[in-house]
Amino acid sequence: MTITANAPAGTQRSVLDALEAESIHIIREVLAEFEKPGLLFSGGKDSVVVLHLLAKAVAPLRVPIPVVHIDTGHNFAEVLNFRDSVVEKYGLNLVVGSVQEYIDRGELTELPDGTRNRLQTRVLLDTIENNEFDVVFGGARRDEDKARAKERILSLRDEFGVWDPRNQRPEIWSLYNGRHEPDWHVRAFPISNWTERDIWAYIQRENIELPPIYFAHRRQVFERDGMWRALTPVSQPNEDEQVIIKQVRYRTVGDASCTGAVLSAADTVEKVLDELAIATLTERGATRADDRISAAGMEDRKTEGYF
């Protein structure tokens, strides 16, 4: 596939080439314009791709900014192990904000349903403020959710970390305005225009390593609200929910307490791409219980300061 059929011979670029070039341009603009950037890094496929693009943008130098992980205490062990291996591989400065530490200090209270996704927001905002980040890169994509579809590539957050969807700047001619009030900060989303399939095609092309739970494996699960939940210390079945062993994989990496797996035989990147060719739901719509709270669940959280 090419961007234009009329380009001179030898100059045609693939869609992935164009997306990569746009993302690297955004990353370089942000690095040049802001004083203290950071990268939100969950260990999921999107943040892994952003890190890969960041490494390309600054090559041959090493990645010059810290990576930030908000640890809820409900993360999958495979993802935490992968995070640590990536930090070691790139020689990164890892900044961790711990939800559990806030709970232990009495600054946050466990939610009735036992999930901690929403509790991340306070920890995230404090981590950004304490480290004086004026911008943080994120791996959000517009195809994931309608709230993310209306957000700009450079997204302003006020002194309380709030995103106002009615107060956004036009981004025309690839010009990105990072000006903001001294006590505000900006979220930068360099892969906004990518789709889930683009991400996986790029992972295939660049041979990017991912946590193993993205590929089909056998796991103890139980069904709840139409999703397969993993049996973990933070995700336990009710009396009427039967634990069985299924071959599953994860399309998105969130907390074990609110992220469902999908039945799958896709144990390679190629098979995942084949699977996505017939998928009818986004990965968040298909597997994230936290996005099913209401029709505006994601937007409500984003206006509070969420990722």
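For the range 218-248, taking the residues that are modelled with pLDDT of 95 or more and closer than 19 Å to Ala279 by Cβ, the one that is surrounded by the most Cβ atoms within 10 Å (Cβ to Cβ) is identified as Val248.
Taking the criterion of being among the hydrophobic types (A, V, I, L, M, F, W, C) and surrounded by 15 or more Cβ atoms within 10 Å (Cβ to Cβ), the residues of the range 249-263 that qualify are Val253, Ala256, Cys258, Ala261, Val262.
Total residues in the range 30-46 satisfying the condition of being out of contact with any strand residue (DSSP E or B) (no Cβ under 6 Å at 6 or more places or on another chain), open to solvent by less than 10 Å² (accessible area, probe 1.4 Å) and part of a helix (DSSP H, G or I): the figure is 1. Reported count of residues in the range 188-217, each being under 12 Å from Val272 (Cβ atoms) and open to solvent by less than 10 Å² (accessible area, probe 1.4 Å), is 4.
Condition check ((1) closer than 26 Å to Leu53 by Cα; (2) modelled with pLDDT under 90; (3) among the polar types (S, T, N, Q)) across all residues:
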| position | (1), (2), (3) |
| --- | --- |
| Ser155 | yes, no, yes |
| Asp164 | no, yes, no |
| Arg169 | yes, yes, no |
| His185 | yes, no, no |
| Ser192 | yes, no, yes |
| Pro211 | yes, no, no |
| Phe215 | yes, no, no |
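Total residues in the range 59-76 satisfying the condition of being farther than 18 Å from Thr127 by Cβ and either open to solvent by less than 20 Å² (accessible area, probe 1.4 Å) or charged (D, E, K, R) (or both): the figure is 3. When Ser98 is tested against (1) in contact with a Gly (Cβ under 9 Å, 6 or more places away or on another chain); (2) within 20 Å of Arg251 (Cα to Cα); (3) hydroxyl-bearing (Ser, Thr, Tyr), just one condition goes unmet, and that condition is (2).
Residue-level check: of (1) at pLDDT below 95; (2) over 15 Å from Val49 (Cβ atoms); (3) among the charged types (D, E, K, R); (4) assigned to a loop (DSSP other than H, G, I, E, B), Asp267 misses just (1).
Within the range 47-85, count every residue that is of a type in the set (A, V, I, L, M, F, W, C) and not in a helix (DSSP H, G or I).
Residues that pass the stated criteria total 8.
When the residues of the range 153-171 are filtered to those that are in contact (Cβ under 8 Å) with a residue 40 or more places away in the chain and surrounded by 14 or more Cβ atoms within 10 Å (Cβ to Cβ), the one that is nearest to Arg187 (Cα to Cα) is Leu154. From the list Ala266, Ala277, the one residue that fits, being open to solvent by less than 60 Å² (accessible area, probe 1.4 Å) and closer than 17 Å to Phe215 by Cα, is Ala266. Of the residues making up the range 137-155, those that are within 25 Å of Lys36 (Cα to Cα), of a type in the set (A, V, I, L, M, F, W, C) and out of contact with any Phe, Trp or Tyr (no Cβ under 6 Å at 6 or more places or on another chain) number 1.
Scan the range 99-129 for residues that are over 22 Å from Asp158 (Cβ atoms), of a type outside the set (S, T, N, Q) and open to solvent by 90 Å² or more (accessible area, probe 1.4 Å) and the total you get is 5. What are the residues in the range 77-91 that are among the aliphatic types (A, V, I, L, M) and open to solvent by 20 Å² or more (accessible area, probe 1.4 Å), if any? Residues satisfying the conditions are Ala77, Leu80, Val87.
The values are calculated or read from the model by the stated rules, or taken from the named source; none is laboratory data. Predicted model only: the values in this text are computed from it and were never measured. Cβ: placed from backbone, ideal geometry, glycine included. Neighbour counts: every protein chain shown. To get the accessible areas, we keep the full protein, side chains included, count just its heavy atoms, and leave off ligands, DNA and RNA. Shrake-Rupley method; radii C 1.70, N 1.55, O 1.52, S 1.80 Å.
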